[in-house]
2 protein chains.
Amino acid sequence: MLRSNTCGELRPEHIGQTVTLSGWVQRARNLGGLTFVDLRDRYGITQLAFNMDTNSDLCGQARKLGREFVIQAVGTVCERESKNMQIPTGEIEIEVSALTILNAADTPPFTIEDDTDGGDDLRMQYRYLDLRRGPVQRNLLLRHRINIETRKYLDSIDFIDVETPVLIKSTPEGARDFVVPSRMNPGQFYALPQSPQTFKQLLMVSGIDKYYQIVKCFRDEDLRADRQPEFTQVDCEMSFVEQEDILNTFEGLVRHLFQTVLDREIGDFPRMTYDDAMEKYGIDKPDIRFGMEFQDMAPVTQNQGFNVFDSAEAVLGIVVPGAASFTRKQLDGLTDWVKRPQIGARGLVYCKVNDDGTFKSSVDKFYDQDALAKWAAHTGAKPGDLMLVLCGGLDATRKQLAELRLHMGSEMGLRDPFDFKPLWVVDFPLSNGTKTPSATTRCTTRSPRPSPNTWTYRFRSRGCRANAYDMVINGVEIGGGSIRIHDKDVQARMFDLLGFSPEEAEAQFGFLMNAFRYGAPPHGGLALGLTACAPCSAASTPSATSSPSLKTTKVATS
Amino acid sequence: MLRSNTCGELRPEHIGQTVTLSGWVQRARNLGGLTFVDLRDRYGITQLAFNMDTNSDLCGQARKLGREFVIQAVGTVCERESKNMQIPTGEIEIEVSALTILNAADTPPFTIEDDTDGGDDLRMQYRYLDLRRGPVQRNLLLRHRINIETRKYLDSIDFIDVETPVLIKSTPEGARDFVVPSRMNPGQFYALPQSPQTFKQLLMVSGIDKYYQIVKCFRDEDLRADRQPEFTQVDCEMSFVEQEDILNTFEGLVRHLFQTVLDREIGDFPRMTYDDAMEKYGIDKPDIRFGMEFQDMAPVTQNQGFNVFDSAEAVLGIVVPGAASFTRKQLDGLTDWVKRPQIGARGLVYCKVNDDGTFKSSVDKFYDQDALAKWAAHTGAKPGDLMLVLCGGLDATRKQLAELRLHMGSEMGLRDPFDFKPLWVVDFPLSNGTKTPSATTRCTTRSPRPSPNTWTYRFRSRGCRANAYDMVINGVEIGGGSIRIHDKDVQARMFDLLGFSPEEAEAQFGFLMNAFRYGAPPHGGLALGLTACAPCSAASTPSATSSPSLKTTKVATS
């Protein structure tokens, strides 16, 4: 070992010991007779002290050390005169007796500090230097802890980690697969898996009744903030279970992760139907850290002579507690905000409930105080609150108001990043009715909620719901899954309804349907996203560079 | 849950409980008034009992169950009349009160038994059925346990699991990389990594001083028993270490795995130099479960008129204890065996040491009893032993005798598969002197053993040794690694010696060499192979189908 201790380890109880440390020069300070060098490694920073009076040669060497030089120092642990209680090693320093330069360093292109002067592009170009910074290393460590604690938990309840292949059979429909030409079979291609969906279902047929894998998946999609060509998911599947069993199992996993990784208890883990989520929050991944649930304003706004509302399919509102104090300028700002193309509303109607019980609205011309009082009674708005109302087509209005609600939540400080509110959204629609590439992994295997004998009609009318669920935390979809179809006849009918010809179904899923002939157990599962975190962008794809966090990548699979 | 218990769980203490089991019908036995069904899941087999007298309808249903039907049975745990002490659940059975067929099954194409009637091809075609068999499931479970215990051990000593990218930069030299065309950048390609070597070295530059990853790697090579296009390795790297630190760390890992997974203490973990291994065993991965070390027979065989030996560069022998009883037919068989093209020897000389101290040799014409006594004295052969001697060029003779030694070890029953003898082979040659594709990952980063100032000459004369080591267990290379070059000038000189032009070195390794400018710590590591184990061959590559075992895939990297 080129060190006896790490740079984060020494404390007053080590005073008097001779130690060897190795690490990087964070900074050197020349104070005339004394020179101090902050030595850094993954574990912390320790101060090295050099005294011009007692060893001028050594001190002279120390003064020549540049930033990020890799050095080894031998010395004695001493008590510091001026202690730094900001860092764990701040009570001691090392009186150095020998110094070795293990490797010199060019001046780094940006400072290796928590708050760096390097811009995004420069830090991505020198990713290996960016990774030396504390916040990035802490992200890597967080991801590692999530990874290992996930495995420990799943192992403790009898899940088996089974590796599935990466070079797999390319299917004709997989237009957005990455493909790999075969040298042994010219003109033929492997595909990289978009998810191990088929494999894990085959493992269920094999009797591996609890499977998991933390696995790379690949999608040849255009880059977006939460979509990357290669991403990682915690992929799970169970046999002989019903939906509630899966929800309980992975609620347990998430509780375990919060406890062990963040030392935090999370509270309730409520279930909400997809229909409720759309009605109350206008979105299938609601952030329930705060209220502001949608109100159907049609009963108190329509048929009173205001044509904009009268002609709208939907009039929806939210009550923002305590926002009656918003200035005209702030309200104009909100109106501009909802009219931006990204949101796309045509306008915003507001109504303040003043402290004295009177109302001030942007549609005072059409609604008198009595009418506005009915709005407040209908929505439960109290003095000091602000009602915000959007109207238009139902789907569009929900989408716009969902964005506005999140925006108001942020504005009012209701989205504490250290508060975690998990949620299961259940009873997703069986299908959006179209055969899309993503349908191949997401919708085709979902089992319908009514009995197999009644769902065909409902499917056609789009009223059919599936045994499908998403895990949502703070408005972010962490993952999702479903109870699968395990009957070959139901599966064949599903392919037909989705618009697959028998030939297409056979080409893409024939393997799975054949396996279902030989005793497939009832099964279901889910996949949770784990944000990609590559050590080095410049040697890899430009995409795989985001930092990991509990806000994980959206996962469309499973 | 569609079950209250698994099929491996119930014992006499559960007698009287009402339980629900789900699983596959292993077999049904109709004994007139009684019908017994063996119900199987991953955890075991439990006997279901149906009585024609008490419930003829139910018993009638049970009689119609086919092999591999998936069923759910509700019933009471009862004591068995005729106990089966061969299985853990053999003292109880379930008196079934309700039976549900969860899924019917076609007759499987081979029997789902430990000893199946299915041939290799059929079992690969129906891999998902083969995976139902006990031996294959136990292999999956063994692999899972090795995986999780490896992670626990490395986590406990501060290693961080960091994921590296799969879609990486394709380099011009990487002729045997798998490549992935980029849709976004037509005409350009990603490569799949042959190993994360560059990435893990960059992580060392980043200060992640203990890195590990259990990672898929890809090589577009022709198939061999121990080579597959995609394979998995336990990939590790450490900073601020010397060779002995790495050996001790991973000796610790292997001890931990044997203890926790196989409940077994392994003994010594000796180190042997490459030169010693070649001299004593003729191979760089000796099986040291038994002796039969090579003897240089030249001093006692040459210059005595036997031209075959006199003209040979090398005359090497082994002593096989207790094999003097081999018959003439057996000895002829051995001669034929070494003359097969796979071995390629021109002949075999033997010399028995009879119990009475006399000798019987195939070269009695050239060597009298006195001369043969000198052979025995030289090799330490005792009465009852057999000396086997090969000759020819040094390299070829070593290779042939190494094969013969292993063959004799097997013949004499000295290679107990439940005996594990690990070994480090150290001080590998710095390079075989050629620039091959495998050199790009294996040899280019190895640090030379003499100081950087003296190794250039030795390199040219091929006498230079590297800080490189392999872990070998029972003659199988489990993995290997090296202390890396961390100095950009030494690295540049190495590329030059290996025959890379500066342009080639820059194109392939410029990124790493640039990183070395900014403070690269001394570092080294290794990779251990973990045999591939795909759940399904027919939906994937034909290669990824072998069963996992402690005899892991050879790993050429790291």
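The values are calculated or read from the model by the stated rules, or taken from the named source; none is laboratory data. Predicted model, so just to flag it, every value in this text is computed and none were measured. Positions of Cβ are generated from backbone atoms using ideal geometry, with glycine treated the same way; all protein chains shown enter the neighbour counts. Surface accessibility is based on the protein's heavy atoms, side chains included, excluding ligands, DNA and RNA. Shrake-Rupley method; radii C 1.70, N 1.55, O 1.52, S 1.80 Å.
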Just to be sure before I move on: is B:V234 in the same structural domain as B:V472 (by TED's automatic domain parsing) and assigned to a strand (DSSP E or B) in the structure I sent? yes
For the condition β-branched (V, I, T), within 28 Å of A:A377 (Cβ to Cβ), assigned to a helix (DSSP H, G or I) and in contact with a strand residue (DSSP E or B) (Cβ under 7 Å, 6 or more places away or on another chain), what is the one hit in A:V300, A:V308? A:V308
If you go through A:G519, A:G479, the only one that is within 14 Å of chain B (Cβ to nearest Cβ) and at pLDDT 90 or above is A:G519
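This table checks each residue for (1) loosely packed, with under 14 Cβ neighbours inside 10 Å; (2) more than 9 Å from chain B (Cβ to nearest Cβ); (3) over 26 Å from A:E13 (Cβ atoms).
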{"position": "A:Q86", "(1), (2), (3)": "yes, yes, no"}
{"position": "A:I92", "(1), (2), (3)": "no, yes, no"}
{"position": "A:R123", "(1), (2), (3)": "no, yes, yes"}
{"position": "A:L140", "(1), (2), (3)": "no, no, yes"}
Among (1) assigned to a loop (DSSP other than H, G, I, E, B); (2) out of contact with any Lys or Arg (no Cβ under 9 Å at 6 or more places or on another chain); (3) not polar (S, T, N, Q), the one test that A:E163 misses: (2)
Please tell me if A:V353 is in contact with a Pro (Cβ under 7 Å, 6 or more places away or on another chain), assigned by TED's automatic domain parsing to the domain that holds A:Q304 and modelled with pLDDT of 95 or more. yes
Filter the range A:309-360 for residues that are free of Cβ contacts under 8 Å to residues at least 40 places away in the same chain and closer than 12 Å to A:M387 by Cα and give the result. A:L331, A:Y350, A:C351, A:K352, A:V353, A:N354, A:F359, A:K360
For A:F178, state whether it is more than 7 Å from chain B (Cβ to nearest Cβ) and not basic (K, R). no
Name every residue in the range B:435-466 that is modelled with pLDDT of 75 or more and open to solvent by 30 Å² or more (accessible area, probe 1.4 Å), in order of residue number. B:R449, B:R465
State yes or no: is A:T107 surrounded by fewer than 17 Cβ atoms within 10 Å (Cβ to Cβ) and touching a residue at least 12 places away in the same chain (Cβ under 8 Å)? yes
Return yes when A:E279 is outside the structural domain of A:D470 (by TED's automatic domain parsing) and more than 20 Å from the chain's Cα centre (by Cα) and no when it is not. yes
Name the residues in the range B:141-156 that are of a type in the set (A, V, I, L, M, F, W, C) and under 19 Å from B:V215 (Cβ atoms), would you? B:I146, B:I148, B:L154
Scope the range B:181-199; condition among the polar types (S, T, N, Q) and either in a loop (DSSP other than H, G, I, E, B) or surrounded by fewer than 17 Cβ atoms within 10 Å (Cβ to Cβ) (or both); matching residues: B:S182, B:N185, B:Q188, B:Q194, B:S195
Residues located in the range A:232-273, provided they are more than 14 Å from every other protein chain (Cβ to nearest Cβ), touching a helix residue (DSSP H, G or I) at 6+ places or on another chain (Cβ under 8 Å) and of a type in the set (D, E, K, R): A:R264, A:E265, A:R271
Counted residues in the range B:146-158 being within 9 Å of chain A (Cβ to nearest Cβ) and either at pLDDT below 95 or out of contact with any strand residue (DSSP E or B) (no Cβ under 6 Å at 6 or more places or on another chain) (or both) come to 4
Enumeration of residues in the range B:243-281 that are of a type in the set (V, I, T) and either open to solvent by 50 Å² or more (accessible area, probe 1.4 Å) or in a helix (DSSP H, G or I) (or both): B:I246, B:T249, B:V254, B:T260, B:V261
Looking only at strands (runs of 3 or more DSSP E) that lie completely in the range A:1-82, which have at least 3 residues being open to solvent by 30 Å² or more (accessible area, probe 1.4 Å) and closer than 21 Å to A:T107 by Cβ? A:18-31
So if I check each of B:Q342, B:Q295, which one is surrounded by fewer than 13 Cβ atoms within 10 Å (Cβ to Cβ), within 32 Å of the chain's Cα centre (by Cα) and of a type in the set (S, T, N, Q)? B:Q342
Name the residue, out of B:A505, B:A515, that is open to solvent by less than 10 Å² (accessible area, probe 1.4 Å), free of Cβ contacts under 8 Å to residues at least 24 places away in the same chain and farther than 30 Å from B:N147 by Cα. B:A505
Taking first residues from the range A:464-484 that are in a loop (DSSP other than H, G, I, E, B) and second residues anywhere that are open to solvent by less than 10 Å² (accessible area, probe 1.4 Å), the pairs with Cβ under 8 Å that are 6 or more apart or on different chains are A:C464/A:L430; A:C464/A:W455; A:N467/A:S482; A:N467/A:G524; A:N474/A:D287; A:G475/A:P286; A:G475/A:D287
